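**Q** I'd like to ask some things about the structure below.
The values are calculated or read from the model by the stated rules, or taken from the named source; none is laboratory data. Just so you know, these numbers come straight off a predicted model, no measurement behind them. Note: ideal-geometry Cβ built from the backbone for every residue, glycine included; neighbour counts use all protein chains shown. Quick note on the areas: whole protein, heavy atoms, side chains included, nothing else; ligands and nucleic acids left out. Shrake-Rupley method; radii C 1.70, N 1.55, O 1.52, S 1.80 Å.
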Amino acid sequence: MEKYWHWIDETVENIIEYWKDQDRYVCSCGMSVSGLQHIGRLRGEIILTNTVKEEFLRMGKSAEHFLVLYTQDQWKGKGAQLEQFSSPEEAKQYRSRRLIDVPDPFGCHRNWVEHYWGPFRDSLDSFSIGVKPVFTTDLYKTDGMKGLVLKAIERREELRQIINRYRSRNPYPEGWIPFEPLCKECLNIGQHEILSVNLDNYTVEYVCNSCGTKGVSSMEDGKLNWRIEWSALWMLLNVNFEPYGKDHATPGGSRDSCAEIIEKIFERKPPFGFPYEWVGWSVDGKDMGDMGSSDFLGVTPAEWLEIAEPEVLRYLYLKNKPMKRVVIDLARVPELVENYDQAEKVYYYAEKLPQEKEEFEMRRSYELSQLKSPPETLSFQLRYAHAVTMVQILPKENLLENAITKLKTTGLLGDKPSGEDKIRIEKRLKEAEAWLEKYAPDRFKLKILEELPATLKKQLKQDEKEALRILAENMVNHEFTENELENILYRIAKDEVGLGSRKFFQLIYQVLLGQKQGPRLASFLLLLDRNMLLKRLKEAYQ
């Protein structure tokens, strides 16, 4: 077989070549806690970066994954952010504060950052291994960062000239100081005129353009200009690899300017990196644009975990190359899970694809999506769509036991399922039930007709009644596997009556559900109470 490369493997090799095969690698990514920490944030900042780190560890290297949280950044107070407060108008007073200084809109945490970062942090271990979060608020208090801040201010004229080459429309004037102090009075940051900087006691004298206060504040509480900050963080954390959002990827743009800053001012190579695309958000098939933190667009990792395994999302992000836009619509979760399940079967050689390259990419993406070593053999897979049907048809009491019994009698599950099989079945049932309640389109929601509509009975033709009669006759006192019943359905439709499978299947759905479509027919029929089914068929054909 021709040698194929997964893009993660290619990335690791490129990083090693860039740094001349060193023993330790620091992987990093950053994000602002500006609001909803959605599952789109898991793509580059967490899953991509963490997977690269884990590959270094697998190769015997030392590696770390830092997640930088830009908590010193300004809170913009956009519409969706203001709407989190009971009084959006009053919340406008918090604009231009550091994120860490904005109160929790719901009063359950110490501040804005803790409220929106906490749930994301609590879900990290489900999607990654050993991520080390660091707050810029804390980093600015370290001796290492203080040294870099002092160096930036001492060489501010060189920095001004570098940055102005990248912002020719609005260049910084002579005498510009690349620092944003915190106003001790109104707590705003970046709304200032700097009067002087005392490098000896690490303070800055300023006039606040927001409240008019003239004051002095410690430089520990402020921040560098964002381009210089990014470069300084690379230096401080000794970053070797950092992917970045596509907004930084324009040639001659922000990433290039930061690379020049770290080389010329801090005298170090920039990290190896490449851009990644944002994750889109779709509702009922309508593309709503990219998920957004400050726009509160998307769902959280915790919400995803209610309806699907974390590996399903990891697989989705790792199967697609970084600059391919991925759009997530929770109405299509069964399809995403089915794609993951197929990759699992390919990994265990239970399914073969015609395209060798696609088979390799699926197998390698599945392998990378696992946070622990996969078991030696393929465990039982309960189709997500089938689980959705089961949770609606089977009795709620003792659901797991009832489901296992049905899966055995229909030939889908062996007589002695393993403990792992049972765990997977139970998990899939719970996920399907949560998805059905929160995100399922109406076509997935089943309601058996209480009685056969008289209008439908009158419309039935003789060949249709005959088909239903033969089906009922076959099902009396017989137990079928799913495959056996499926063969019988096709035989009746094509050979015994001549209705054709499509028309026959639609007829059965109409008799039971009052609509022309439904779940996979054979599995659906086998889940129904046999007496109820036979009674309904008899009611239709007599």
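**Q** Mind checking which residues of the stretch 181-196 are under 17 Å from residue 70 (Cα atoms), open to solvent by less than 50 Å² (accessible area, probe 1.4 Å) and at pLDDT 95 or above?
**A** Filtering the stretch 181-196 for residues under 17 Å from residue 70 (Cα atoms) gives 181-182, 187-190.
After this cut, where a residue has to be open to solvent by less than 50 Å² (accessible area, probe 1.4 Å) as well, the list is 181-182, 188-190.
The answer is 181, 182, 188, 189.
**Q** Does the stretch 171-180 hold any residues that are crowded, with 16+ Cβ neighbours inside 10 Å and of a type outside the set (Phe, Trp, Tyr), and which are they?
**A** Scanning the stretch 171-180 gives 177, 178, 180.
**Q** Check 385, 343 and return the single one that is aliphatic (A, V, I, L, M), within 30 Å of residue 442 (Cα to Cα), free of Cβ contacts under 8 Å to residues at least 60 places away in the same chain and assigned to a helix (DSSP H, G or I).
**A** Values: 385 fails: free of Cβ contacts under 8 Å to residues at least 60 places away in the same chain.
After applying the criteria, what remains is 343.
**Q** Now, a different point. Yes or no: the stretch 345-363 includes at least one residue that is open to solvent by less than 50 Å² (accessible area, probe 1.4 Å), at pLDDT below 95 and closer than 30 Å to residue 405 by Cα.
**A** Checking the stretch 345-363: not a single residue is open to solvent by less than 50 Å² (accessible area, probe 1.4 Å), at pLDDT below 95 and closer than 30 Å to residue 405 by Cα.
**Q** Filtering the stretch 60-75 down to residues that are within 21 Å of residue 185 (Cβ to Cβ) and polar (S, T, N, Q), which residue is surrounded by the fewest Cβ atoms within 10 Å (Cβ to Cβ)?
**A** From the stretch 60-75, those within 21 Å of residue 185 (Cβ to Cβ) are 71-75; that's our starting set.
Still in the list and also polar (S, T, N, Q): 71-72, 74.
Values: 71: 24, 72: 26, 74: 20.
Applying the filter and picking the extreme gives 74.
**Q** Here is a further query. Would you confirm whether any residue within the stretch 274-286 is more than 30 Å from residue 164 (Cβ to Cβ), touching a Gly at 6+ places or on another chain (Cβ under 7 Å) and aliphatic (A, V, I, L, M)?
**A** yes
**Q** Also: Please work out which residue is farthest from residue 135 (Cα to Cα), limiting yourself to the stretch 200-214 and to residues that are of a type in the set (S, T, N, Q) and in contact (Cβ under 8 Å) with a residue 24 or more places away in the chain. Steps first, answer last, please.
**A** Looking only at the stretch 200-214, we keep the residues that are of a type in the set (S, T, N, Q), and these are 201, 203, 209-210, 213.
If we keep only those that are in contact (Cβ under 8 Å) with a residue 24 or more places away in the chain too, we end up with 210, 213.
Details: 210: 26, 213: 28 Å.
The extreme case among them is 213.
**Q** Identify all residues within the stretch 346-383 that are farther than 18 Å from residue 319 by Cα and either of a type in the set (A, V, I, L, M) or in contact with a strand residue (DSSP E or B) (Cβ under 7 Å, 6 or more places away or on another chain) (or both); write none if there are none.
**A** Listed by number, the residues that qualify are 350, 378, 382.
**Q** Tell me which residues, restricted to the stretch 215-273, are in contact (Cβ under 8 Å) with a residue 12 or more places away in the chain and on the phi > 0 side of the Ramachandran plot.
**A** 238, 252
**Q** Hey, another quick one. Taking the stretch 76-114 as the region of interest, how many residues are more than 21 Å from residue 209 (Cβ to Cβ), of a type outside the set (Gly, Ala, Ser) and either open to solvent by 80 Å² or more (accessible area, probe 1.4 Å) or not in a helix (DSSP H, G or I) (or both)?
**A** 13
**Q** Count, please, the residues in the stretch 348-382 that happen to be at negative phi and in a loop (DSSP other than H, G, I, E, B). Step through it out loud before you land on a result.
**A** Initially, the stretch 348-382 is screened for residues at negative phi, giving 348, 350-382.
With in a loop (DSSP other than H, G, I, E, B) added as a condition, the list becomes 348, 350-355, 370-382.
Residues that pass the stated criteria total 20.
**Q** Could I ask something else about it? Which ones in the stretch 137-173 are in a loop (DSSP other than H, G, I, E, B) and in contact with an Asp or Glu (Cβ under 8 Å, 6 or more places away or on another chain)? Break it down into steps so the answer makes sense when it comes.
**A** Initial filter on the stretch 137-173 (in a loop (DSSP other than H, G, I, E, B)): 140-142, 155, 165-173.
Matches in the stretch 137-173: 140, 141, 166.
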